[in-house]
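The values are calculated or read from the model by the stated rules, or taken from the named source; none is laboratory data. Quantities reported herein were computed from a predicted structural model and do not represent experimental measurements. Using ideal geometry, Cβ is built from the backbone for each residue, glycine included, and neighbour counts are taken over all protein chains shown. Calculation scope for accessible area: heavy atoms of the full protein, side chains included, ligands and nucleic acids excluded. Shrake-Rupley method; radii C 1.70, N 1.55, O 1.52, S 1.80 Å.
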Amino acid sequence: MTETPPKKTLVLSRSLVGRKTLDMGQVRQSFSHGRSKTVAVEVKRKRVLSNALNPSIGNSAENEPFIVTAETIRPLGLTDQEWETRLRVVKEAIRDADELEERRNKERGQSPLLEKECQEDKACAIERETSVETTANDDGSVLAGETFPIQQPAPSLGKDKYRSDPVKEKEFGEEGGGGSSKGKKSPISTTKRSLRGESDQRRRLSVNTVLSGQEERLRSQASLWRARRKNRQQQTQNVEQTRQVRDVVIPEAISVQELANRMAVRGAEVIKVLMRLGMMTTINQVLDADTAELVVGEFGHNARRVSESDIELGLKREPDSLADLLPRPPVVTIMGHVDHGKTSLLDAIRRTDTAYHEAGGITQHIGAYQIKRQDGRKITFIDTPGHAAFTEMRARGANVTDIVVLVVAADDGIKEQTIEAIHHAKAASVPIIVAINKIDKPGANVDRVRQELLSHEIVVEAFGGDVLDVEVSAKSGQNLEKLTETILAQSEILDLKANPSRMVEGIIIESEVRQGLGPVATVLVQKGCLHRGDIFVAGSVFGRVRALLDDCGQKLDGADPGMPVEVIGFNAVPSPGDEFIVVADEARAREVAQFRERKQRELASALKARGSVEQMFAKISFDEKQQRLSVVIKADVQGSVEAICNSLAKLSNDEVGVHVLHSGVGGITESDIALARTSNAFVVGFNVRANPQAREVAQREGIELCYYSIIYDLINAMKARLSGILAPEQREKILGSAEIRQVFEAKKTGKIAGCMVIDGIMRRGTKVRLFRDNVIIHTGNLKSLRRIRDEVNEVAKGFECGMTFADYQDIREGDTIECFEVEEIARQFA
């Protein structure tokens, strides 16, 4: 191996290539087998730094090398102001580069964990690069062979991996000394050159190292990163992880994924626990509450069982204390048979003419009113229909009332709906006051009414009982004041009180859809005071009170206990009989309403479940045998819809029935016509009419629209339609009989029976029966009837004739032939 030139220090460094103070050279290495290698080397001329570089450092007599620091590399000829300006520019460049890199990291979506690892790698690399080999030449430049601490990376290079520290740069600028700038590199370029990374410094070789073979192999950057990551993982595993104990809410049914989310664990971990418990499940499989509770216990959490019905807890408040109770008006329900004068009696008390405007002179809606006597006391009346179809209305009236006034006509006595009203009142455990009406009518017999009441365990005071009775006349107004006094006296005995300061509770009396107002319901306030703006829930509907109207249509600011009001603000039409409850906020009301609606759908689905296979085939067979009359029903109020549907459900037998496709409140719309068209049905409107668009579509599609205003007219019309689709009744009419005297053989016609007509007549084309020893052996048609040789239509008693039968030849002498015809008689649906 040769070396050129021989007497100069050689340093191999790529970062120093191109400097003017360097002399280029080559080193050739020779190996065995004739192999050689040429290495490029750089020769740096040695120079000694003068005192001018830094006044604080004197010349060394021995001309020994010294340590070069940040204070000794300040360029010569720069004033303090220029040096500070240069450092300020460097800091701004560093800050701009850092901001640019931060923006790029955000745009790339760099995770916080990756940023943390990069920062750690950056710190480790800076710590590794703590010195650079340098030597000083005679002109004061930095030479290889000496070291100085690295303070910061180059600030002006935004693409470099590492950045400088502005604080250290400030210290560097304040402490740097003066000196000549000729042949020197600025601190920025020196720092940049010194921070090329461990990989560059690892490959920086000197000639002595190359020649001596003492080159040390260092670890790669990737290897260092992997080692640090492994150390961090080991430290994380060594630290004991403490799980947070949670209160996990467990409903009646929950999926595996939802259970994992509530415990803040992975779904795979839950599946592993279930496998240990002997259950093979998937992530979407639904678990019962017991299994979910076991899984929660395996993870160390606290299980809290809840039920879906718990959502209704707290709707009804605790009972009121006696100190909060105040007197309230009594609620009185007028009940009795149809056309016994219930509405007329109430009109006489209220001084109105409601009965005059009712269709057919009968009450078909339940109504609620409140009257105020001259002494200031109030009474709330509920008027119920008397027709048999309105059984549910009467039951609701009896359940919400305090007192039942049983109206009985003096000239008619106890009837079917009167007995039903007595049963409703007894079931509700409310006192009864008997109002014997129409006492001024000819034929009135008050004592007969009292005696008929005895058969139903109603004993009036006149007969020594405890039931109050009043003889009244709605037409003349006789004893009406006495009736109201009796009601108030009974209410004082009951001591009716309520708390007006609590949240409102009430009941829906009736509901309808009113044009321009939407769903409207009559609500009887039982507890609390209802105001505008209150949020409520009623059954599966909810809403906010937008307006309150009394029985006369006047707007109210509030409704006290015992007062009936019309409430506007429902999101849908509520069902009569539903509880009306005011809640704190709309979210609570919506949650309860949705839960109840979901339960109603589940109940309807359960009722429609097919059950066993035998039940399914039995239902299919029954549906095939039964002919159904499909109908769409629309009515003015919800109570009428219920009454009509219940009445039509009773019009059914094994052969025919009524199928209600849809029922609702409001006018007939185009959607109702479309539903009727797809199901081949007709539309019934009870006290409602179709809009012009619906009428046009019905006329174009041929859909029948039927309007009714009296419920028994509707029921009679349905009975007539059912009678029309009933199969006619078939009856046999015996025409006559004949005896076979002789049997003849014929080639073309087969056997011919020579007969004598012994009773009635024998007619051609009718049906016949063949008897042998008084046993029927054949029933068929009479094919031919002849008298001598001529075809005749009929043969009378006492004459001989010849007969042939269709598809039957087994006839003998002595057999008897009976001739009959079948008559079809139209049937009536009872």
Please give the helices (runs of 4 or more DSSP H) falling wholly within segment 591-686 in which 1 or more residues are modelled with pLDDT of 80 or more and surrounded by 15 or more Cβ atoms within 10 Å (Cβ to Cβ).
638-649, 670-679
Kindly indicate whether any position in segment 688-699 is part of a strand (DSSP E or B) and either open to solvent by less than 10 Å² (accessible area, probe 1.4 Å) or on the phi > 0 side of the Ramachandran plot (or both).
yes
So in segment 546-563, with the set limited to residues that are without any contact (Cβ under 8 Å) to a residue 24 or more places away in the chain and not aliphatic (A, V, I, L, M), which one is most open to solvent (accessible area, probe 1.4 Å)?
K555
Being in contact (Cβ under 8 Å) with a residue 60 or more places away in the chain and of a type outside the set (S, T, Y) is the filter; apply it to segment 527-545 and report the residue that is surrounded by the most Cβ atoms within 10 Å (Cβ to Cβ).
V537
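Here is a yes/no grid of residues against (1) over 24 Å from L496 (Cβ atoms); (2) touching a His at 6+ places or on another chain (Cβ under 9 Å); (3) at pLDDT 85 or above:
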{"residue": "I334", "(1), (2), (3)": "no, no, yes"}
{"residue": "T380", "(1), (2), (3)": "no, no, yes"}
{"residue": "V404", "(1), (2), (3)": "no, yes, yes"}
{"residue": "V408", "(1), (2), (3)": "yes, yes, yes"}
{"residue": "D412", "(1), (2), (3)": "yes, yes, no"}
Does segment 700-709 hold any residues that are open to solvent by 20 Å² or more (accessible area, probe 1.4 Å) and either touching a strand residue (DSSP E or B) at 6+ places or on another chain (Cβ under 7 Å) or in contact (Cβ under 8 Å) with a residue 60 or more places away in the chain (or both), and which are they?
I703, E704, L705, Y707, Y708, S709
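One line per residue, one yes/no per condition, for (1) under 48 Å from the mean Cα position of the chain (by Cα); (2) over 22 Å from R394 (Cα atoms); (3) basic (K, R):
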residue: G413; (1), (2), (3): no, no, no
residue: H423; (1), (2), (3): yes, no, no
residue: I432; (1), (2), (3): yes, no, no
residue: S455; (1), (2), (3): no, no, no
residue: I458; (1), (2), (3): no, no, no
residue: K482; (1), (2), (3): no, yes, yes
All positions within segment 451-491 that are under 21 Å from D347 (Cα atoms), of a type in the set (S, T, N, Q) and not in a loop (DSSP other than H, G, I, E, B)
S473, Q478, T484, T486
Subset of segment 791-809 [of a type in the set (G, A, S) and within 19 Å of I758 (Cβ to Cβ)]:
A796, G798, G802
Can you tell me which of (1) in contact with a His (Cβ under 7 Å, 6 or more places away or on another chain); (2) at pLDDT below 90 is the one R827 doesn't meet?
(1)
